[in-house]
Amino acid sequence: MPHEKDETFVDAGAYDGDTARAFAAWAKEWRHIYAFEPDPSNREKCGRTLQNLSPEKTTLFPYGAWKEKGALRFKNTGDWSSEVNEAGEFRIPVSSIDEEICDGRVTFIKMDIEGSERAALEGAEKTVQRNRPKLAICVYHKPEDILDLPEYILSLHPDYRLYLRHYSLISTETVLYCL
């Protein structure tokens, strides 16, 4: 995938910062990384990763990426499977990409947020329409996502080229790339 000089990356579901680290190596010269990670244990690990990358060029939001500001029930597992879940024992703050990044330039958005991708995309609607960033969106958490998310993204920007890539031998890790 080609990259531009001065990429700005939004990592929704930043986990321990592994994708931000991979992004920085791929982009080489980048402007900023915005990471959303509501799980406290994961956020601590992610914070260390971002500090090692470049503290002045990174922002770590202690929120879940969502369609609006609010609070939701959350299943906090301290690993990659933490998720918004009605049976969750914790409440976490959530906010939208549009709200937190406002009018900032965004060139790449990645979402791996355990089934909350649609809500987070709705919260990034203005950013997607304004910037037409590259998108890497997980579409395997809910059966309907593999059809609904591409349709929704094309409603925001019909000129995206869509690519689907599956990264495992089981039914997880299917990513929709929009270029």
Non-local residues with an amide H under 5 Å from the amide H of F108, with H modelled 1.01 Å from N and Pro and chain starts lacking one, are T8, V10, K134
Positive-end residue of L169, H32, P62, charge dipole of the chain with Cβ unit charges
H32
Cα-based reach from K28 at 15 Å (exclusive), listing aspartates and glutamates while leaving out same-chain residues under 8 positions away
E4, D6, E7
Taking a ≥ b ≥ c as the square roots of the Cα gyration tensor eigenvalues, with a/c under 1.5 meaning rounded and otherwise prolate when a/b beats b/c, else oblate, which class fits region 7-178?
rounded
Rounded to 5, the percent of DSSP beta bridges in region 7-178 classed as antiparallel
45
In debye, nearest 20, what is the charge dipole magnitude of region 7-178 about its Cα centre with +1 on Lys and Arg Cβ and -1 on Asp and Glu Cβ, if you could check?
480
Each residue of region 7-20 in turn: what ³J(HN,Hα) in whole Hz from Karplus with 6.51, -1.76, 1.60 and θ = phi - 60°, glycine and Pro shown as x?
5, 10, 10, 10, 10, 8, x, 6, 6, 9, x, 4, 6, 4
Which of the lysines could a cross-linker span from K67 if the Cα-Cα distance has to be under 28 Å and same-chain partners fewer than 8 positions apart are dropped?
K45, K57, K75, K110, K126, K134, K142
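Readers should treat all values here as calculations from the given coordinates under stated rules, not as data from a laboratory. Remember, it's a predicted structure, so these values are computed and weren't measured experimentally. No Cβ is skipped: glycine too gets one built from the backbone with ideal geometry, and neighbour counts run over all protein chains shown.
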